[in-house]
1. In debye, nearest 20: dipole of the chain around its Cα centre with unit charges on the Cβ of K, R (+) and D, E (-)?
2. Counting only protein heavy atoms and a 1.4 Å probe, tell me what percentage of the chain's accessible area is made up of carbon and sulfur.
3. Take the chain, drop everything but the C-alpha atoms, weight them equally and run the Debye formula without solvent; then report log10 I(q)/I(0) at 0.20 Å⁻¹ to two decimals.
4. Rounded to the nearest 10 Å², what accessible area does MET11 show when all protein chains are kept and the probe is 1.4 Å?
5. Could you compute how much accessible surface SER28 exposes when probed at 1.4 Å, giving the result in Å² to the nearest 10?
6. Normalised by the residues of the chain, what does the relative contact order come to in percent, with Cα pairs under 8 Å and at least six apart?
7. With runs of 4+ DSSP H residues as the only contributors, calculate the mean residue ellipticity of the chain at 222 nm using -39,500 (n - 2.57) per run, divided by the residue total and rounded to the nearest 500.
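The values are calculated or read from the model by the stated rules, or taken from the named source; none is laboratory data. Keep in mind it's a predicted model, so treat the numbers as computed, not measured. A quick note on method: Cβ atoms are made from the backbone with ideal geometry, for glycine too, and the neighbour counts reach across all protein chains shown. With ligands, DNA and RNA removed, areas are computed over all heavy atoms of the protein, side chains included. Shrake-Rupley method; radii C 1.70, N 1.55, O 1.52, S 1.80 Å.
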Amino acid sequence: MSKAESKKQQMAAGAALAAKRGEQPESSLRGASKEMVKSMSEKELREMASAKRKDLPTRGSKDDAKD
């Protein structure tokens, strides 16, 4: 995985990273962040969460999901 493609994805990665580090309980996670904490390494989550939110769309486009 690389940088986040949307603000929502970046926020989910940040929440998953906090849970992975033990800064918040995994039970507080929902949706994508719950799956991310299980399937991604701390390094992958850190890279995704570090994306600059200013340049990201609120949500990813549906065209991107088909690739």
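1. Working: 16 positive and 11 negative charges, 45 e Å.
With only Lys, Arg, Asp and Glu charged at Cβ, the dipole is about 220 debye.
2. On the way: 2270 of 4860 Å².
Its accessible area is 47 percent carbon and sulfur atoms.
3. Ignoring solvent entirely, the Cα scatterers give -0.74.
4. Approximately 100 Å² for this residue.
5. 60
6. Values: 79 pairs, mean separation 33.6, N = 67.
In percent, rounded to a whole number, it is 50.
7. Value at 222 nm, helices only: -15000 deg cm²/dmol.
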